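Asker: Before we start, here is the structure in question, set down as structure tokens.
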Amino acid sequence: MLKRILVVALCCAALAGGWMAVEPARVSALDNGVARTPPMGWNSWNKFGCNVSEDLIKSMADAMLTSGMKDAGYQYVVIDDCWQVSRDAQGNIVADPQRFPSGIKALADYVHSKGLKFGLYSDVGWKTCAERPGSMGHEFQDAAQYATWGVDYLKYDWCNTDTTNAQAAYGLMSAALKATGRPIVFSMCEWGTAKPWLWAKDTGNLWRTTGDIKDCWDCKAQYEHGFLTNLDLQVGLESFAGPGHWNDPDMLEVGNGGMTTTEYRSHFSLWALLAAPLIAGNDLRTMTPEIRDILTAPEVIAVNQDALGKEGARVWKQGDLEVWSKQQADGSRAVVLFNRGGAAADVTVNWVDIGYPAHLSANVRDLWAKKDVGKFSGNYTAKVDSHGVVMVKVTP
């Protein structure tokens, strides 16, 4: 009990004045045993926004099984903003009784009955981004409620926070989740403004490094950015990720209609190489075979889930042509040959750029084609479609 009082006192003091910003991470050092590989799941926001309901979430949990997503490794079914409407006289958070008539506990039980895990959303501020009740001042109360309901994953946003100190605020909820005794993945959605990669390793399991992703190749809005912008913001952050703590360039837009199949394959390939959380955001019930094949590609997912936990990095760039590489537990390298340009082009990966000697003979396997393409010494070249990728595994 004394330890919990100390945590609350330190965190609240930091929230009030912004001082001693490192203290929450020290006090609430994260050791929750989850997300040893990047989390895989589904979130409601990208496709449905505030149009969430008990029936929708149940049908999406069902579709996780029938679509093959669960078998491919996806676990979490997460309700984003707009499930909550008020607080009761005791300050407890209240779910929308019209949209969730059976209550959140019953819905979590349904998701669990499918062999899946259940997630919810809240916000550091007094209101969420959609102006629903946030968790400010109710952190321990909310965490305890989530644990009672059977929550396995919490996405924690950053709207309506004013001058709140990000490190202190996220440290406070981290301590609250830890105090429940339930292992809950803590997804910090702070948008990268306070450079969480520098301090969040002991606070959360994943932290946003970007603003919200938009379902487009290369576009910008006030708070949203296209795939290329969020990708570029990952360059240089690879050393901060590892088992239990991941950089998060935001959820997947694969299948939502704003990009081509080729572009979605690039999006998925690079998120896999980045060891980013693979959180689908499309309607799983109506996926085309092409979209299902992207989201469930076994050899690409294996790169993302590799036990070494290394984040991939861009190792070569010339104009619109790039090479990205990720070290894997078996000593191999996963490599993405990427073409941002408007016409097909040859892209070459040189062994020296991915940490191998130039004379090395290595087997190259095409991960999307699921076939070995031969042995090569020094380098490998492939023709890459416009806005496309060739993704290979290079094994000495």
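The numbers here are math on the coordinates, done by the rules we state, and not lab data. Since this is a predicted model, take the numbers as computed values, not measurements. All Cβ positions, even for glycine, are placed from backbone atoms using ideal geometry, and neighbour counts span all protein chains on display.
Asker: Quick one: Cα centre-to-centre distance for the range 39-118 and the range 318-339, in angstrom?
Answerer: Using only Cα atoms to place each centre, the spacing works out to 35 Å.
Asker: Tilt of helix 104-113 relative to the longest C-alpha principal axis of the chain, in degrees (0 to 90, nearest 10)?
Answerer: 40 degrees
Asker: Counting other Cβ atoms within 10 Å, which trypsin sites (Lys or Arg not before Pro) in the range 81-165 have at most 16 and lie in a DSSP loop?
Answerer: K114
Asker: Can you give me the C-alpha center-to-center distance between the range 219-236 and the range 244-308, rounded to a whole angstrom?
Answerer: 16 Å
Asker: Please figure out what share of the DSSP beta bridges in the range 43-198 is antiparallel and state it in percent, rounded to the nearest 5.
Answerer: Counting DSSP beta bridges with both partners in the range 43-198, the antiparallel share is about 25 percent.
Asker: In degrees between 0 and 90, to the nearest 10, how far off the longest principal axis of the chain does helix 261-273 point, with axes built from Cα atoms?
Answerer: That works out to roughly 70 degrees.
Asker: Could I ask something else about it? Suppose only helical runs count, i.e. DSSP H with n ≥ 4. What mean residue ellipticity at 222 nm does that imply for the chain under -39500 (n - 2.57) per run, divided by all residues and rounded to the nearest 500 deg cm²/dmol?
Answerer: Theoretical 222 nm ellipticity from helices: -8000 deg cm²/dmol.
Asker: Between T262 and T148, what is the label-point separation in nm under the 7 Å Cα-to-beta-carbon projection?
Answerer: Between T148 and T262, the label points sit 5.5 nm apart.
Asker: What label, among (1) 19.1; (2) 24.7; (3) 18.1, belongs to mean projected area of the Cα convex hull in nm² computed from the structure on display?
Answerer: (1)
Asker: Same structure, new question: Just check the range 314-395 against the gyration tensor rule for me: Cα atoms, a ≥ b ≥ c as the square roots of the eigenvalues, rounded for a/c under 1.5, and otherwise prolate or oblate depending on whether a/b exceeds b/c.
Answerer: Verdict is prolate for the range 314-395.
Asker: Which residue fluctuates the most in the chain, going by a Gaussian network model with Cα springs under 10 Å, if the choices are G242, G181, G312?
Answerer: Between G242, G181, G312, it is G181 that shows the largest mean-square fluctuation.
Asker: Can you tell me the FRET efficiency between D31 and V235 if r is taken as the Cβ-Cβ distance and R0 is 22 Å, rounded to the nearest 0.05?
Answerer: Taking R0 as 22 Å, the efficiency between D31 and V235 is 0.15.
Asker: What's the angle, to the nearest 10 degrees (0 to 90), between helix 166-180's Cα axis and the longest principal axis of the chain?
Answerer: Rounded to the nearest ten degrees, it is 70.
Asker: Among H359, H138, H112, what is the fewest-to-most ranking by other Cβ atoms within 10 Å?
Answerer: Least to most surrounded, the residues fall as H359, H112, H138.
Asker: Still on this structure: Provide the per-residue ³J(HN,Hα) series for the range 218-225, in order, calculated from phi with Karplus coefficients 6.51, -1.76, 1.60 and θ = phi - 60°, each as a whole number of Hz, with x at glycine and proline positions.
Answerer: So the J values, rounded to whole Hz, are 8, 9, 9, 10, 4, 10, 10, 9.
Asker: Roughly how many debye, to the nearest 20, is the charge dipole of the range 324-386 about its Cα centre, given +1 on each Lys and Arg Cβ, -1 on each Asp and Glu Cβ, and no other charges?
Answerer: Dipole of the range 324-386, to the nearest 20 debye: 100 debye.
Asker: Taking the alpha-carbon distance from K383 and a cut-off under 21 Å, which lysines remain once sequence neighbours fewer than 8 residues away in the same chain are dropped?
Answerer: Excluding near neighbours in sequence, the set is K317, K326, K370, K371, K375, K393.
Asker: Right, another one. Quick check: residue separation of D88 and T286 times 0.36 nm, minus the Cα distance between them. What number comes out in nm?
Answerer: Answer, rounded to one decimal: 67.5 nm.
Asker: While we're on this one: In the chain, what percentage of the DSSP-assigned beta bridges are antiparallel, given to the nearest 5?
Answerer: Among the beta bridges of the chain, antiparallel pairing accounts for roughly 60 percent.
Asker: Turning to a different aspect of this structure: Sort S67, S135, S377 by Cβ crowding within 10 Å, fewest neighbours at the top.
Answerer: S377, S67, S135
Asker: Using the 10 angstrom Cβ neighbour count as an exposure proxy, how do V315, V392 rank, fewest first?
Answerer: Neighbour counts put them in this order, fewest first: V315, V392.
Asker: Further question on the same structure: List, in the order given, every pair from K70/K220; K105/K178; K201/K310 whose Cα-Cα distance in the structure shown is over 23 Å.
Answerer: K70/K220, as the Cα separations exceed 23 Å there.
Asker: At 7 Å along Cα-to-Cβ for each site, give me the label-to-label distance between C50 and K383 in nm.
Answerer: Each label point is offset 7 Å from its Cα along the Cβ direction, giving 5.0 nm.
Asker: Okay, next question. Using label points projected 7 Å from each Cα along Cα→Cβ, tell me how many nm separate K371 and D109, to one decimal.
Answerer: Rounded to a tenth, the inter-label distance reads 5.1 nm.
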